[in-house]
Amino acid sequence: MLKKSLSVVALAFALAFPAFSQDGSGLKPQGGDITAEVQLNLSSSNNNTISFPQFKGRYFLSPTSALRLGLGLGVNNQELANDVERNSSSYSIGLGIEKHLAGTERLSPYFGAEVFFDGASYDEKGPNFEVTDGWASGGGQASARAYSSYGLNVLAGADFYVARRLFLGVEFGFGFSSTEYDDVTVKVGNQSNTSEGYKSFGAGFNFLGGIRVGYAF
């Protein structure tokens, strides 16, 4: 896994290296330009070497300010032992604004804020049980629960332009979120049991665990 991840990083820098000889003018977006990017994760919880969890677009009002929109969507199906099937889906939406600082010819640091909405749904089915709005292996206690969430992030990051309008970036922030978890109903044979949902509030630092790769149009 580590060798594969390092190979991906090495290839990216090898492809970008010739671009460093370019003149620094015209590298960064100007007012009216649009950027599109993906988040490149070099490892993930499902053991994939590379994953693309979110797409983000930005519209630059000027060279130093931009509106941003992030969209994420995931669908997963698992076939487990003993004819157990699990399904899940997730979504995320983020709307925000960025203020870009002077930086250098190639480096564009920024700060900003965004509101976000996300959620996930789960279901599980086996030969003699069925779970609605959650997962509960073998019809036992719920191990995953459908939810919807919203919140606010204060963020900071940087774009580094390796070539004209082609950039790599990182981002981190501090956020607040409110999450509502659904009831989970487990039906085993003719018996059913419902675990009531609940609400939670959280705050803390967050970091995009990967490299942002994007292009300005």
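Overview of results
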{"read-out": "Counted residues, segment 57-82 - those being over 24 Å from the mean Cα position of the chain (by Cα), open to solvent by less than 60 Å² (accessible area, probe 1.4 Å) and more than 14 Å from Asp159 (Cα to Cα)", "value": "1"}
{"read-out": "Enumeration of residues in segment 140-152 that are over 15 Å from Asn87 (Cβ atoms) and open to solvent by less than 20 Å² (accessible area, probe 1.4 Å)", "value": "Ser149, Gly151"}
{"read-out": "Subset of segment 206-217 [within 15 Å of the chain's Cα centre (by Cα) and either among the aromatic types (Phe, Trp, Tyr) or not in a strand (DSSP E or B) (or both)]", "value": "Phe207, Leu208, Gly209, Gly210"}
{"read-out": "Those residues of segment 167-178 which are more than 15 Å from the chain's Cα centre (by Cα) and surrounded by 17 or more Cβ atoms within 10 Å (Cβ to Cβ), in sequence order", "value": "Phe167, Leu168, Ser177"}
{"read-out": "Qualifying residue in segment 203-214 (condition: aromatic (Phe, Trp, Tyr) and modelled with pLDDT of 95 or more)", "value": "no"}
{"read-out": "Which listed residue is surrounded by 13 or more Cβ atoms within 10 Å (Cβ to Cβ), farther than 12 Å from Asp159 by Cα and free of Cβ contacts under 8 Å to residues at least 60 places away in the same chain, from Gly94, Gly103", "value": "Gly94"}
{"read-out": "Segment 98-139, subset of a type in the set (Ser, Thr, Tyr) and outside any strand (DSSP E or B), residue modelled with the lowest pLDDT", "value": "Ser137"}
{"read-out": "Selected residue (only one of Ala158, Ala142 is in a loop (DSSP other than H, G, I, E, B) and aliphatic (A, V, I, L, M))", "value": "Ala142"}
{"read-out": "Considering residues of segment 187-201 that are without any contact (Cβ under 8 Å) to a residue 40 or more places away in the chain and surrounded by 11 or more Cβ atoms within 10 Å (Cβ to Cβ) only, the residue nearest to Leu168 (Cα to Cα)", "value": "Ser200"}
{"read-out": "Test: Glu85 is over 20 Å from Phe55 (Cα atoms), open to solvent by 40 Å² or more (accessible area, probe 1.4 Å), modelled with pLDDT under 95 and not in a strand (DSSP E or B)", "value": "no"}
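Residue by residue, here is whether (1) open to solvent by less than 60 Å² (accessible area, probe 1.4 Å); (2) β-branched (Val, Ile, Thr); (3) touching a residue at least 40 places away in the same chain (Cβ under 8 Å) holds:
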site: Leu155; (1), (2), (3): yes, no, yes
site: Thr185; (1), (2), (3): yes, yes, yes
site: Leu208; (1), (2), (3): yes, no, yes
site: Phe217; (1), (2), (3): no, no, yes
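The values are calculated or read from the model by the stated rules, or taken from the named source; none is laboratory data. What you are looking at is a predicted structure, and each value in this text was computed from that prediction instead of being measured. No Cβ is skipped: glycine too gets one built from the backbone with ideal geometry, and neighbour counts run over all protein chains shown. The accessibility values were calculated without ligands, DNA or RNA, using every heavy atom of the protein model including side chains. Shrake-Rupley method; radii C 1.70, N 1.55, O 1.52, S 1.80 Å.
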